[in-house]
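To start, the structure under review is shown below, and the notes come after it.
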Amino acid sequence: MAGERDPITCHVLDTSVGKPAKGIRVKLEGGHAPLKTFESQTDDDGRIKTWLPYSSAHEAGDVPTYVLEDVLSEVDDKSTWTLRFDTGSYFGEGNTFFPEVVVTFVVDKSQHYHVPLLLAPYSYSTYRGS
């Protein structure tokens, strides 16, 4: 999938400094039960274009091998997904009112979803981008 983007992408801009928010860990969870979890980290431009299956340090066994496109293909029509942005680690402990930003949205498997997050230590805003 080199050079391509997943069906769900995001972009984080740190409005307190007017720059992309590099290095924020983000989890993406959704699909049908049992829900699938993915993770990634924003790049130098504050973007996430691809997701890796999430594997907890407390789980034993094989590393998950599913990809986002496969999970979405199993959904009949629409599904609910959640992005969890680790803003506490980005700003540092005690430096933000929102240690985690959670955005939940509905996905139609035939469309692409881009979710920008405008972020500051004491505020945030999000919308559906293109």
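The values are calculated or read from the model by the stated rules, or taken from the named source; none is laboratory data. Keep in mind it's a predicted model, so treat the numbers as computed, not measured. Cβ coordinates were reconstructed from backbone atoms using ideal geometry, including for glycine residues, and neighbour counts include every protein chain displayed. Note: areas computed on protein heavy atoms with side chains; ligands, DNA, RNA excluded. Shrake-Rupley method; radii C 1.70, N 1.55, O 1.52, S 1.80 Å.
The residues of region 92-121 that are among the hydrophobic types (A, V, I, L, M, F, W, C) and either part of a loop (DSSP other than H, G, I, E, B) or open to solvent by 40 Å² or more (accessible area, probe 1.4 Å) (or both), listed by number, are Phe97, Phe98, Val102, Val106, Leu118.
Residues that are open to solvent by 50 Å² or more (accessible area, probe 1.4 Å) and touching a Ser or Thr at 6+ places or on another chain (Cβ under 7 Å) within region 79-91 comprise just one, Thr80.
Here is a yes/no grid of residues against (1) of a type outside the set (Val, Ile, Thr); (2) farther than 19 Å from Ala120 by Cα; (3) out of contact with any Gly (no Cβ under 6 Å at 6 or more places or on another chain):
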| site | (1), (2), (3) |
| --- | --- |
| Val12 | no, no, no |
| Gly18 | yes, no, yes |
| Val26 | no, no, yes |
| Thr50 | no, yes, yes |
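Residues of region 28-72 that are over 24 Å from Ser110 (Cβ atoms) and modelled with pLDDT of 90 or more: Glu39, Gln41, Thr42, Asp43, Asp44, Asp45, Gly46.
Take Thr37 and tell me if it is exposed (fewer than 12 other Cβ atoms within 10 Å of the Cβ), of a type outside the set (D, E, K, R) and in a strand (DSSP E or B). Considered against the rule, which asks whether it is exposed (fewer than 12 other Cβ atoms within 10 Å of the Cβ), of a type outside the set (D, E, K, R) and in a strand (DSSP E or B), Thr37 comes out as no.
Listed conditions (1) part of a loop (DSSP other than H, G, I, E, B); (2) of a type in the set (S, T, N, Q); (3) free of Cβ contacts under 8 Å to residues at least 40 places away in the same chain are all met by Ser125, apart from (1).
Which residue is most open to solvent (accessible area, probe 1.4 Å), if the candidates are limited to region 2-17 and must be free of Cβ contacts under 8 Å to residues at least 60 places away in the same chain and of a type outside the set (Gly, Ala, Ser)? Going through the qualifying residues, I end up with Glu4. Is region 18-33 home to any residue that is open to solvent by less than 10 Å² (accessible area, probe 1.4 Å), part of a loop (DSSP other than H, G, I, E, B) and not small (Gly, Ala, Ser)? Within region 18-33, one or more residues are open to solvent by less than 10 Å² (accessible area, probe 1.4 Å), part of a loop (DSSP other than H, G, I, E, B) and not small (Gly, Ala, Ser).
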